[in-house]
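Contents: one structure, followed by commentary.
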Amino acid sequence: MKLVAFVLSLCASLAVSAQGYPVRPVKVVVPYAAGGLPDTMARLVGQKMGDSMGQQLVVENRGGAGGIVGALAGAQAEPDGYTLVISSIASNVISPVFNANSGYDGMRDFTHIAYLGGPPVVMVVHPSLGATTYQAFLKIARASKDPLSFISPGTGSHGFLVGEYLAREEGYKVSHIPYKGAGPALADLVAGHVKLGTMTFSSAAGQIRAGKVLPLAVSTDKRIPSFPDIPTFKDVGRDLVAATWFSLSGPAKLPNDIVQQVSRETLKAMQSPEVQKRLELDAIESRLMSPEEFTKFIESEIVRWAPLAKSLAATNPQ
């Protein structure tokens, strides 16, 4: 019976692939609330893809538990190409470490299709801290008898990991204050209730422009053209290049011809002038990767960030 079931499943997959995919609208699960960056990227890229593929890509927001609720829905969908999911460093690399009961494995339970991109992380301080450069900040932080309080969008966020990573590598102590999102975290930083924060550049850009917070370094490879005065971490002697990336994936065992087709359509959409302009606005760096290259990239991100996440999960429950 198992053999018969396997053959029937294989035939069904082949049939789906042979039907001129897609023949009906494709659902894209976004594991976050509407209006955020992953939602915006899904809708913008999805519109371009839908126009090209002749079928609408319908965004379904399923937020909760740091992206776990929506990611699990994507992982549990039928592998027929009609349910895709916005994957990310948060939902596929970090959250499964902080939530042992997430119900999915960030690699094994997905077919990873295309890298969309993501904003870099920026270290920002309140002007009252008295540091206008990264080196001046290090001098203050290392001399402090008490741990420096720092904010991030939340425990388990990429900003949280980067903040803890920098403290360990640079030899100063921090005390993390978690928030539910970058908005309230940044509000307390602007008000001066806390002096230090690490978050996505797109979240902090408005307050940086307004002079309410001071950027010390950003995790891009090269300086951001629209903010040429902000040094990269490499500029200040710390080899840190990282992005809070988002991507497009499907459930495990997605037929390869569907994977390749969706990948081609995604790459084409990403290169459109409208999408490129939006990415530039938020200093989002994107890379053109094949599904195979992107899968290897996620594996490398797990190797890079999971050990730190595991060491922090025991003392910083989500």
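The values are calculated or read from the model by the stated rules, or taken from the named source; none is laboratory data. Everything quoted here is computed from the prediction, not taken from an experiment. Every residue, glycine as well, gets a Cβ built from its backbone with ideal geometry; the counts of neighbours run over all protein chains shown. Note: accessible area is taken over every heavy atom of the protein model, side chains too, but ligands, DNA and RNA are not part of it. Shrake-Rupley method; radii C 1.70, N 1.55, O 1.52, S 1.80 Å.
Per the conditions (1) touching a residue at least 24 places away in the same chain (Cβ under 8 Å); (2) surrounded by fewer than 21 Cβ atoms within 10 Å (Cβ to Cβ); (3) over 30 Å from GLU170 (Cβ atoms), the sole criterion not satisfied by VAL275 is (2).
Could you list, ordered by first residue, the pairs with Cβ atoms under 7 Å in which the first is in the range 107-124 and farther than 11 Å from PRO251 by Cβ and the second is assigned to a loop (DSSP other than H, G, I, E, B) and among the acidic types (Asp, Glu), at least 6 apart or interchain? As it stands, the answer is PRO119/ASP282, since those pairs meet every condition given. If you go through the range 1-42 and keep only what is modelled with pLDDT under 85 and either in contact with a His (Cβ under 6 Å, 6 or more places away or on another chain) or among the aliphatic types (A, V, I, L, M) (or both), you end up with MET1, LEU3, VAL4, ALA5, VAL7, LEU8, LEU10, ALA12, LEU14, ALA15, VAL16, ALA18. Screening LYS310 against (1) in a helix (DSSP H, G or I); (2) farther than 24 Å from THR111 by Cβ; (3) free of Cβ contacts under 8 Å to residues at least 24 places away in the same chain; (4) open to solvent by 80 Å² or more (accessible area, probe 1.4 Å) leaves a single unmet condition, (3). For the range 227-286, the tally of residues that are of a type in the set (Gly, Ala, Ser) and in a loop (DSSP other than H, G, I, E, B) stands at 6.
Among the conditions (1) at negative phi; (2) touching a strand residue (DSSP E or B) at 6+ places or on another chain (Cβ under 7 Å); (3) touching a residue at least 60 places away in the same chain (Cβ under 8 Å); (4) not aliphatic (A, V, I, L, M), GLY154 misses just one, which is (1). Taken over the range 205-219, the criterion of being surrounded by 17 or more Cβ atoms within 10 Å (Cβ to Cβ) and at pLDDT 95 or above is satisfied by GLN207, ILE208, LYS212, VAL213, LEU214, PRO215, LEU216, ALA217, VAL218, SER219.
Evaluate the range 230-239: report whether one residue or more is open to solvent by less than 20 Å² (accessible area, probe 1.4 Å), polar (S, T, N, Q) and over 16 Å from the mean Cα position of the chain (by Cα). Checking the range 230-239: at least one residue is open to solvent by less than 20 Å² (accessible area, probe 1.4 Å), polar (S, T, N, Q) and over 16 Å from the mean Cα position of the chain (by Cα). In the range 125-168, the qualifying residues are those that are among the β-branched types (Val, Ile, Thr) and within 21 Å of the chain's Cα centre (by Cα), and the one that is most open to solvent (accessible area, probe 1.4 Å) is THR155. Scan the range 44-58 for residues that are open to solvent by 20 Å² or more (accessible area, probe 1.4 Å) and either closer than 22 Å to HIS158 by Cβ or touching a His at 6+ places or on another chain (Cβ under 6 Å) (or both) and jot them down. Across the range 44-58, the qualifying residue is only LEU44. Within the range 70-109, take every residue that is part of a helix (DSSP H, G or I), at pLDDT 95 or above and touching a Pro at 6+ places or on another chain (Cβ under 9 Å) and give me the one that is surrounded by the most Cβ atoms within 10 Å (Cβ to Cβ). Among them, the one singled out is ALA71. Taking each residue of the range 197-223 that is of a type in the set (Lys, Arg) and looking for partners that are open to solvent by less than 20 Å² (accessible area, probe 1.4 Å) with beta-carbon atoms closer than 9 Å, six or more apart or interchain, yields LYS212/LEU186; LYS212/LEU189; LYS222/THR232; ARG223/ILE230; ARG223/THR232. Just a yes or no: is a residue in the range 112-124 outside any helix (DSSP H, G or I), surrounded by fewer than 24 Cβ atoms within 10 Å (Cβ to Cβ) and not small (Gly, Ala, Ser)? No, the range 112-124 has no match at all. Considering each residue of the range 168-187 in turn, none proves to be touching a residue at least 40 places away in the same chain (Cβ under 8 Å), outside any helix (DSSP H, G or I) and either closer than 22 Å to LEU281 by Cβ or small (Gly, Ala, Ser) (or both).
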